[in-house]
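Everything on this sheet refers to the single structure shown next.
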Amino acid sequence: MMKPQKFEAGRRDFLVRTAAVSGGLVLGVDLSGTVQAAAAAGTPAVAAGTPEVTHWVVIQPDDTVVIRVARSELGQGSFTGLAQLVAEELECDWSKVRPEYADVNDHIRRNRIFGSMSTGGSRGIRESQEYLRKAGASAREMLVAAAAQEWGVPAAECKAAKSVISHASGKRTTYGKMAAAASKLDVPKEPKLKDPKDWKLIGTSPARFDIADKTTGKQIYAADVRLPNLVHASIVQCPVFGGKVKNYDDSKVKGTRGVKAVVAGDDWVAVVADNWWRANQALKAVPVEWDVGESGNVTSESIMKFLRTGIDAKDVPVARKDGDAEAALGSAAKVIEAEYHAPYLNHATMEPQTATAIVTDDKVEVWVGTQNGESTIAAASEAAGIPLENVIVHKMHAGGGFGRRGPHQEYTKQAVAIAQKMPGTPVRLQWSREEDMRQGRYRPVALVKLRAGLDKDGNWNAWQVRQADQSIFITVRPADIKNGIDPVNVRSFQDNPYVVPNFTDEYAMRNPHVPPGFWRAVAHTHNPFFRECFIDELVQATGRDPVEFRRPLLKGKKDLGVLEAVVKAAAWDKPAPKGIHRGIAVVDSYGSFTAAVVEIAVTDGTVIEVKRVVVALDSGYVVHPDAVVAQMQGGVIWGLSSAMHEEITIKDGRVVQSNFSDYRVLRLAETPKIEAVLVPTGGFWGGVGEPPIGAVIPALGNAIFAATGKRVRSLPFKNHGFSYKT
């Protein structure tokens with residue numbers, strides 16, 4: 001990630017150049033795109049020509065503080081939480097704060113001035129907090145310095161609070177009055193940040209900026225974009241990944257009502273019409289012959305056999321080795337062995353993949369709900385064959401992301417490619433629900449073999465893990481594959497916190513033809529299920545309590561802190577009510593620590609009612625407690641949904657599932673009481689959007705064992721005869 005100083009140098013150079021040309025403080029940045037995009041998204045826009053204090057902060061004469069947000073708002077509250085970080089140090093009047101998306105084109109033209117525009121991996125707060133707080137502190141110091149200069153007093157004698165600067169002499173002025181003068185000052189390289197004990201805004205829960213429009217239906221998503229002369233496109237892609245278009249016949253739809261064009265790429269065919277329904281209906285009438293390539297016979301069963309070659313291989317890369325697990329297993333009093341498996345999963349966003357594009361002579365504009373503005377601008381640039389500087393991206397709030405709208409921007413490329421065939425005409429491409437289900441970038445399949453050795457006293461002294469699964473990084477960040485190991489896939493094993501003297505984690509990469517993608521929490525969904533349920537198998541073998549077994553193994557770790565917190569909140573040390581069965585798990589991920597207790601009742605041996613979930617989280621600091629609790633609740637729902645229902649299967653090389661009718665997600669009636677317990681210990685910044693998922697799934701698996709005596713070693717649980725009570 002770029003250092004803030006680099007941003008400031010780029011901005012300063014930019015201002016010097018533009019000032020030299022214009023003779024004054026004129027930004028020289030065409031903000032028309034920003035204004036248009038903001039208007040479309042229903043967010044406030046900065047009037048063209050308003051001077052910046054820093055590139056993150058623009059203060060208008062009426063004291064309105066516009067804070068630019070480089071990350072994406074996906075419902076996690078980034079528009080509010082990230083703005084809080086800036087506003088805390090800025091000492092501005094929060095009621096005057098308005099967020100807006102940082103302009104992607106501006107970002108590129110100014111040497112990537114906003115740092116990372118990627119939203120994923122629960123990184124928004126934890127990887128932005130330092131430079132955003134510095135952005136706020138810098139702006140505050142510049143405003144104070146400007147006032148001090150005007151008054152002819154030392155800046156140290158001035159104070160700033162709620163957008164007002166004051167001096168002991170009684171002089172007072174506002175941020176709005178000082179903004180223009182402040183924007184001409186040098187940006188401090190090392191502004192002084194507040195001590196956390198002095199925070200007034202961080203740690204509070206002001207009303208979120210995104211909620212009102214979402215709850216009243218005013219929010220404009222990418223699918224809602226409407227522009228003058230807009231036409232609509234529906235697309236069908238080769239059902240077998242890696243296949244191509246062999247032939248198609250558009251004679252039946254050409255000239256029919258509303259149809260404007262039929263366009264094809266290497267592996268897709270699209271129909272453009274005056275509305276999306278006509279485009280989609282016409283598309284269904286176009287015969288397409290596919291060359292499915294070599295993967296037309298692949299099935300879920302053949303993929304499982306492929307993974308097993310990794311489990312059975314003689315030599316595979318080693319991700320971590322402590323002591324000598326093989327020797328310790330050979331001398332163990334008891335050896336426990338098991339295999340676990342997890343299937344492909346789809347993101348299944350409520351808003352299907354959608355992008356609108358206009359292509360003119362040397363310029364492209366796109367409107368996209370994206371998790372990474374830089375990936376979008378790069379995709380549009382590549383598709384159009386024009387420089388990044390000539391692409392304008394209008395970031396829209398996304399109707400769900402969960403990792404689907406990050407590095408994979410094929411829908412953006414397709415929209416641009418179609419629009420190229422209709423220069424000057426805005427083309428809105430929307431995938432059908434079925435296309436969205438069958439052309440995903442799926443959470444990879446995984447198979448793992450676990451062996452553990454217990455000594456005569458039941459102490460866990462040997463652990464051997466062999467993972468065989470599909471790599472995501474090999475498709476998007478191959479340089480991060482070191483010694484054959486994908487660092488994402490070995491999470492929860494390579495970095496497991498349990499103190500076992502002899503431990504080995506081996507990793508065998510096996511990559512089927514199904515495209516993988518970053519799914520919410522990725523390997524921290526299935527690896528914790530494998531790990532924490534297997535540990536409960538050791539608990540069963542020793543006859544101990546699950547908490548008592550884990551406590552000494554986590555001594556001195558923050559994992560133990562959240563375990564104790566959830567034990568207390570759930571009253572684990574007391575007998576469960578009659579008919580209630582409990583499971584527990586602890587996981588650290590994305591810089592945070594979580595533990596969960598799931599309580600269930602079971603009827604007829606298979607119908608599960610999840611009565612209560614208690615989940616504890618230590619993320620170090622908490623910026624917006626209400627948003628964090630919402631993220632924890634969302635994570636619990638996400639985990640319960642995937643654990644019971646969700647599965648993508650493969651037949652004849654293609655995805656079997658087509659819609660929410662055969663790709664079930666959790667329903668309201670299946671959602672339990674969720675108790676979120678925040679136990680921030682300070683001193684670090686952890687993620688919050690994904691960590692709870694990893695603890696809930698194994699806690700449910702362990703609760704099912706406690707209730708039924710059946711150890712379930714593969715997901716989803718529906719495949720073992722279980723269902724939720726509805």
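The values are calculated or read from the model by the stated rules, or taken from the named source; none is laboratory data. Keep in mind the model is a prediction, meaning the values are calculated, not measured. All Cβ positions, even for glycine, are placed from backbone atoms using ideal geometry, and neighbour counts span all protein chains on display. Side chains are part of the model used for accessible areas, which takes the heavy atoms of the whole protein and leaves out ligands, DNA and RNA. Shrake-Rupley method; radii C 1.70, N 1.55, O 1.52, S 1.80 Å.
Rounded to the nearest 20 debye, the dipole magnitude of the stretch 646-716 is 260 debye, with +1 charges on Lys and Arg beta carbons, -1 on Asp and Glu beta carbons, and the Cα centre as origin. Solvent-accessible surface (1.4 Å probe) assigned to Ser331 amounts to roughly 100 Å².
For the pairs Lys194/Lys568; Lys321/Lys557; Lys611/Lys725; Lys162/Lys194, note any where the Cα-Cα span goes beyond 22 Å. With Cα atoms farther than 22 Å apart: Lys194/Lys568. Translational diffusion of the stretch 369-518 was estimated from the Stokes-Einstein equation, with Rh taken as the Kirkwood radius over Cα pairs; at 20 °C and 1.002 mPa s the coefficient is 115 µm²/s. Each Lys and Arg contributes +1 and each Asp and Glu -1, all at the Cβ; summed about the Cα centre of the chain, the dipole is approximately 700 debye. Over all other residues within a Cβ to Cβ distance under 9 Å of Pro191, the charged ones net out to +2, with Lys and Arg as +1 and Asp and Glu as -1. All Cα-Cα separations within the stretch 387-471 were binned at 5 Å from zero, giving a P(r) of 3, 9, 13, 16, 11, 10, 7, 6, 6, 6, 5, 4, 3, 2, 1, 0, each value a whole percent of the pairs.
Compute the signed sum of charges (Lys and Arg +1, Asp and Glu -1) over the other residues within less than 15 Å, Cβ to Cβ, of Gln494. Before the final figure, lay out the partial values.
On the way: positive: Arg320, Lys321, Arg466, Lys482, Arg491, Arg531; negative: Asp322, Asp469, Asp480, Asp486, Asp495, Asp505, Glu506, Asp588.
That sum, taken over residues with Cβ under 15 Å, equals -2.
With all protein chains in place and ligands, DNA and RNA left out, the 1.4 Å accessible area ranks Met509, Met644 as Met509, Met644, largest first. In the chain, a dipole from Cβ-located charges (positive for Lys and Arg, negative for Asp and Glu) runs towards its positive end, and of Ser78, Val476, Ile211 it is Ile211 whose Cα lies farthest in that direction.
The shape of the stretch 580-723 can be summarised by an equivalent ellipsoid whose semi-axes, obtained from the alpha carbon gyration tensor, come to 27, 19, 13 Å from longest to shortest.
In this Cβ point-charge picture (+1 for Lys and Arg, -1 for Asp and Glu), the stretch 69-178 has a dipole of about 60 debye about its Cα centre.
Only one residue of Ala319, Leu329, Gln281 has its Cα farthest out toward the positive end of the dipole of the stretch 258-334, where Lys and Arg carry +1 and Asp and Glu -1 on Cβ, and that residue is Gln281. Accessible surface of Lys305, taken over heavy atoms with a 1.4 Å probe and every protein chain present, rounds to 150 Å². Rounded to whole numbers, the Karplus 3J(HN,Hα) couplings from phi for the stretch 648-658 are 9, 10, 10, 9, 6, x, 10, 6, 6, 5, 9 Hz, using 6.51 cos²θ - 1.76 cosθ + 1.60 with θ = phi - 60°, and x at Gly and Pro. The residues neighbouring Asp93, those whose beta-carbon lies less than 13 Å from its own, together hold a net charge of +1 under the Lys/Arg +1, Asp/Glu -1 convention.
For the stretch 593-640, the alpha carbon positions stretch 45, 15, 13 Å along the principal axes, listed from largest to smallest. Measuring against 28 Å, Cα to Cα, the residue pairs Lys449/Lys710; Lys96/Lys171; Lys314/Lys651; Lys246/Lys482 contain Lys314/Lys651; Lys246/Lys482 as the ones spanning a longer distance.
Here the sum of -39500 (n - 2.57) over DSSP H runs of 4 or more residues, divided by the residues of the chain, equals -9500 deg cm²/dmol at 222 nm, to the nearest 500. Taking only alpha carbon atoms, the stretch 501-591 gives an Rg to Rh ratio of 1.03, where Rh is the Kirkwood radius.
Straight-line cross-link reach from Lys192 at under 17 Å between alpha-carbon atoms covers these lysines, not counting any fewer than eight positions away in the same chain: Lys3, Lys134, Lys159, Lys200.
Counting only protein heavy atoms and a 1.4 Å probe, the chain has 38 square angstrom of accessible area per residue. Counting only residues at least eight positions apart within a chain, or on another chain, the aspartates and glutamates with an alpha carbon under 19 Å from that of Lys284 are Asp249, Asp250, Asp266, Asp267, Asp274, Glu434, Glu435, Asp436.
If the Kirkwood radius is taken over C-alpha pairs of the stretch 161-305, then at 37 °C and 0.692 mPa s the Stokes-Einstein diffusion coefficient equals 148 µm²/s.
Cα gyration tensor of the stretch 245-361, axes a ≥ b ≥ c as square roots of the eigenvalues: rounded (a/c below 1.5), prolate (a/b > b/c) or oblate? It comes out prolate by the Cα gyration axes.
Here Trp685 sits with roughly 40 square angstrom of accessible surface, probe radius 1.4 Å.
Expressed as a fraction of 2.2 N^0.38 Å, the value expected for a compact globular protein of N residues, the C-alpha radius of gyration of the stretch 191-232 is 2.10. Expressed as a whole percent, the proportion of Cα-Cα pairs in the stretch 223-296 lying more than 13 Å apart is 63%.
Simple rule: put +1 on each Lys or Arg Cβ and -1 on each Asp or Glu Cβ in the chain, find the dipole, and look at Ala135, Ile59, Gln467; the Cα lying farthest toward the positive end is Ile59. Ranked by solvent-accessible area (1.4 Å probe, protein heavy atoms only, all chains present), the residues Ser95, Ser375, Ser661 order from largest to smallest as Ser661, Ser95, Ser375.
Can you give the translational diffusion coefficient of the stretch 446-566 in µm²/s, computed by Stokes-Einstein from the Kirkwood radius over Cα pairs at 20 °C and 1.002 mPa s?
It diffuses with D of about 136 µm²/s by this estimate.
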